[in-house]
1. Which of the pairs Lys200/Lys339; Lys267/Lys316; Lys347/Lys370 have their Cα atoms more than 21 Å apart in this structure?
2. Around Lys347, which amide H atoms from residues at least 5 apart in sequence, or from another chain, sit under 5 Å from its own amide H, with H modelled in the peptide plane?
3. Give the relative contact order (percent, whole number) for region 172-228; include only Cα pairs under 8 Å separated by 6+ residues.
4. Could you work out how much longer the chain between Asp177 and Ser363 gets when fully extended? Use 0.36 nm per residue separation minus the Cα distance between them, nm to one decimal.
5. Could I have the simple spin-label model distance between Glu295 and Glu227, label points 7 Å from Cα toward Cβ, reported in nm to one decimal?
6. Mind giving me the FRET efficiency for Lys234 and Thr192? R0 is 30 Å, r the Cβ-Cβ distance, nearest 0.05 is fine.
7. So, in nm, how far is label Glu203 from label Ile325 when the simple model puts each one 7 Å beyond its Cα toward the Cβ?
8. Between Glu139 and Glu162, what length in nm is gained on full extension when 0.36 nm per residue of separation is reduced by their alpha carbon distance?
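Every read-out reported here was derived from the displayed coordinates using simple, explicitly stated rules and does not represent laboratory data. Here the structure is a predicted model, which means the values were calculated and not measured. Cβ sites come from the backbone with ideal geometry, for glycine too, and all protein chains shown count toward neighbours.
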Amino acid sequence: MQIKNENTYGIKELDFKADFKTNNVLNSIKETASKKTQNENSYEKICEDNFNEDIDINDFQTKASNSNTTLLNASDTQNKELNKALDEILNFIDNNSDAISLNLDEYNPNLIIFTPSKEETKEENTEYNNTYNINEQIENSSQGVIGDCWLLAGLNSLSFSEPGKQIIKDSIENNGDGTYTVNFKGVDKSYTFTSEDLDKARESNIYSLGDDDVLLMEVATEAFLRELQEGNIKLPKGAPQFLYDEGENPLTGGFPNDFVYLLTGKKMNYENIVTNDGKYLEDEALKSFYNINLEEFYTQFEQNPNSSCGCLHIRKGCDNKDIEITNINGDKVILTNGKENHAWSIKNMDENTITMVNPWDSSIEVTVLKKDIESSILGFEYLAL
């Protein structure tokens, strides 16, 4: 469920994360669809047949156009109403994608619609069929409401190399009876879930969308962290601190190293590139004092391209502004928003560029110049597999 700028890669998911631009999209859809579809498939007819009668679409459009805040700032009631209305709009887009896609750009060239998958458009009370594609490998996913970019970044980083893929495969068991097990080698713990458990996770709408193996890893890591919170786990000597949120969900906050250690029992090398007061270490003397060496990090990756696991931490923006750079093609890239630090997976790099993947949408690769991104880096993590 995403509305993305055509010239932006890695932009945030709409749910609770992005400013509303829905009114412009609706107007474009309405004009295009009315020109390109028969009367029985028109915007008005489909709205009349399918939209919840309790939702006033005109009122929704007004709210959207007048709002310059995120869904997160709306009340819980508004969130539910707006999300439901948006689901219905995206269903309409999905059902009329051919007509809409032909001419949308001529009405609003800066916006492009990414239609939701069938799984994303399920109604709240839809019954799942208790069948999950747990195939012991990591495919495309998009981060949900929970702030677990650290987990997804670490998991995606492992999936980019053959040794990492084997580590993931060895960590997941499809038991063939509707149950699935995750083995955390690093802490000698295993967690088994039923299809019904995964149903509940999907129905909650807070975890990642897309690959079922990613969802399984999320709920298993959450189970581990809850046990750790409750004091029921004795960590092995040398294990990381395992940061976790003390609030409702412990998956919020952490480091890719935490997750990679769970699967491998090995700690990633982590280096911070800012002083304690948040100042970026641009001065070479300061970099030396704080033992910062980006070039060494680059060299490790370049010399070990087929068995490296690495992540970048991007600092949050100032004054609530997004951190933005351009990729090698000149397209705008949103690295993170103004409120949160964010982790990206590194897929590969060469002498001048880094190719990265954002947990917001792992299907999109972004290649940027090293010199353009360095001022936005908070830290980095690396492990030779």
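1. As for pairs spanning more than 21 Å Cα to Cα, those are Lys200/Lys339; Lys267/Lys316.
2. Thr355, Met356, Val357
3. Relative CO of region 172-228 lands at 24 percent.
4. In short, 63.9 nm is gained.
5. Using points 7 Å along Cα→Cβ, the separation is 4.6 nm.
6. For Lys234 and Thr192, the calculated efficiency is 0.90.
7. 4.4
8. Once the chain is fully extended between Glu139 and Glu162, it gains 6.9 nm.
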